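In what follows, a single structure is set out as structure tokens and then discussed.
The values are calculated or read from the model by the stated rules, or taken from the named source; none is laboratory data. On a predicted model such as this, the values are computed, not experimentally measured, just so you know. Note: ideal-geometry Cβ built from the backbone for every residue, glycine included; neighbour counts use all protein chains shown. Quick note on the areas: whole protein, heavy atoms, side chains included, nothing else; ligands and nucleic acids left out. Shrake-Rupley method; radii C 1.70, N 1.55, O 1.52, S 1.80 Å.
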Amino acid sequence: MAGTIQLLPDRTANQIAAGEVVQRPASVVKELLENAIDAKATIIKLYVKNGGCTLIQVDDNGIGMNVFDARMCWERHATSKITKADDLYNLNTLGFRGEALASIASVSEVEMKTKCVHEDTGTRVIINAGKFINQENTAATQGTSIAVKNLFYNIPARKNFLKSISVETKHTFEEFQRIALAYPAITFEYYNQGKNLLKLESGDLKKRVNDLFNLKEGELIETNEDTDIVGINGFIGNPKIAKRTRGNQYLFANGRFIKDPYLNHAIVSGYGNLLEEKKYPFYILFLNVDPSKIDVNIHPTKHEVKFEDGRHVYTLLQSVIKKTLGAHFVIPTDTQMLNALDVNPNQNVNDRFAFINPDVNQNFNPFGHKKPKTPTSWEKLDEILNTPINPPKQQSFFAQPEKTTDIVNQHFEIFQIQDTYLVTKIEGELNLIHQHRAHRQILYERYTSNQPVSSQQLLFPRTLELSKSDFALYLEMEKDINALGFDISEFGQSTIIINGLPSELSKEDGASVIIQIIDDFKTNFQDLKIAKKDALRQAAAKNAAIKTGKTLNQTEMQVLVNDLLHCKQKTIDQSGKTIAVILTKQSLERFFH
Ligand code: ADP
Ligand code: MG
């Protein structure tokens, strides 16, 4: 009997990858511009028609490709940028996955002209919906021009998903702007519907920022700090020009635009009381870290990165903002954090951090205005500090292992693979379980069933300052958050105090988890339109669940599998993601036929 499992044809695999890399026309803009930069272009032109739905074209004067590479670059995993996995830890290019062009070509009609410096003639390649159509010699100047036409024409479902032309145009322009900001030494031109809307001459960052934003004297403050862990430079906006929308916030890590709510929080909290209610500050900040200390490979669009020293980057970033603002507005009264930035090269990094609290110290206020504290919150703090704290239980990610014992509590032989998947035999069937998704489901169902949740008081309660709008959101959700095992209360203006966390989280950094929960809640509620309570439960379950990459011991695995067996949904979660795969006798037999 023939098996039912087959390898996907390349074109199908590319289309699936395109789902991640190419979300909308702006994603194509990003990939093409980044390729032009990697090709060392000094002049890059972008042409967009109908929001990029009909045409996105990027012309560059970079190194170009020879006849072979011009054909090869459309294959999946074709890259000239890395040759071995180790190169990933020392990246000096924007691209490296070798999947952008293959993905783009699989969902559009592509025409490329390219010529490299060593060849006399250029070459022209045409590919439609991932199918190679033609390659021929052509006259061309040095560099590459790639035109992507009729995006998603062969995938109507994706095409229908696109927003209006004006929305897509806005996204393409934003992507262009981010890249133009990161590379001021390159000349960029932007054409919309055939008209040249913008020409950005090469220059330094200040000139680029001025050309793009046209700000007045004094509206931006320059900042430039170098520490052993991270270099931080760029511009931050005078609090007066903070806007009611999140728009002008640009954070880059090693030249890549990143979205990082945690670091955004560091910046906003650095502004402290200088920001008016519901206002978002303007910033364009570049973080530079040793490439081996940052992982850019965690997301296909590379908008998310992971810093090895995330907490220190948070603290330093917050201090730089305070210091920069302090120098311009009010003289800081507390020099401790500022000293932290004065790097003595002979001093070892750990010594330097001995006097910085790596946790988020939101109470530090360089501007000398004491935050008003309500008596009730002080009383509360007093009460907590004077309450004997229960000795911490043996720490486990799982709230109440004993709870499951009265139900089934079967014993399974379980192996953990790649610190992510659990493999076990249940009733003669082979089960593959994704540890994070399983735990997420368990917690989500626990939260929805309103079972009592266990929480752990913190020895040192932490305070956390929120933006005015997040604080308003928090107040609205306070009761529901605490019902999930948190013990959080209001602590003066825009500040909350975290007294306790759900047991499964008590070893974690409460502050960053809460920021993340609020952020995920906003996405669930506002973007995905999930009902409020459920949006919060899902956000909390996601952030409280054990992560992938975490080594689990036998007991933890036992509890996890047992708890999953008691879930209503064991194999697929509410959003359709696979939690567990069960291989029955029949499906195993198919492998060996
Ligand atoms: P990646 O950028 O991750 O390597 P891509 O699919 O974006 O993967 O591109 C594949 C390869 O095609 C690149 O590694 C590069 O060698 C080549 N390439 C793409 N765009 C250009 C360009 N504008 N100029 C020169 N070479 C390019
Ligand atoms: Mg690329």
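Points to keep in mind about this one:
- For the criterion of being open to solvent by less than 10 Å² (accessible area, probe 1.4 Å), closer than 20 Å to Y314 by Cβ and either touching a Lys or Arg at 6+ places or on another chain (Cβ under 9 Å) or part of a loop (DSSP other than H, G, I, E, B) (or both), I497 passes.
- Residue within the stretch 77-89 that is more than 8 Å from ligand 1 (Cβ to nearest atom), of a type in the set (S, T, Y) and open to solvent by less than 40 Å² (accessible area, probe 1.4 Å) present: no
- The stretch 501-546: number of residues that are touching a Pro at 6+ places or on another chain (Cβ under 8 Å), of a type outside the set (V, I, T) and more than 18 Å from Y444 (Cβ to Cβ): 1
- Scanning the stretch 185-219 for residues that are part of a helix (DSSP H, G or I) and either among the charged types (D, E, K, R) or in contact with a Lys or Arg (Cβ under 6 Å, 6 or more places away or on another chain) (or both) returns K206, K207, R208, D211.
- Residues of the stretch 451-492 classified as farther than 18 Å from S269 by Cβ and either aromatic (F, W, Y) or in a loop (DSSP other than H, G, I, E, B) (or both), total: 8
- Any hit, the stretch 57-75, residues being among the acidic types (D, E) and either away from ligand 1 (no atom under 11 Å from the Cβ) or out of contact with any strand residue (DSSP E or B) (no Cβ under 7 Å at 6 or more places or on another chain) (or both): yes
- Counting only strands (runs of 3 or more DSSP E) that sit completely within the stretch 24-122, those holding 1 or more residues that are at pLDDT 95 or above, of a type in the set (S, T, N, Q) and away from ligand 2 (no atom under 15 Å from the Cβ) correspond to 55-60.
- The numbered conditions (1) closer than 21 Å to Q538 by Cβ; (2) crowded, with 17+ Cβ neighbours inside 10 Å; (3) among the polar types (S, T, N, Q); (4) in contact (Cβ under 8 Å) with a residue 24 or more places away in the chain are all true for N524 except (4).
- Verdict on T169 being among the hydroxyl-bearing types (S, T, Y) and either within 16 Å of ligand 2 (Cβ to nearest atom) or open to solvent by less than 10 Å² (accessible area, probe 1.4 Å) (or both): no
To keep it simple, each residue is scored yes or no on (1) under 26 Å from the mean Cα position of the chain (by Cα); (2) modelled with pLDDT of 85 or more; (3) within 17 Å of N264 (Cβ to Cβ).
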site	(1), (2), (3)
R446	no, yes, no
S494	yes, no, yes
G510	yes, no, no
K522	yes, no, yes
F525	yes, no, no
K529	yes, no, no
I546	yes, yes, no
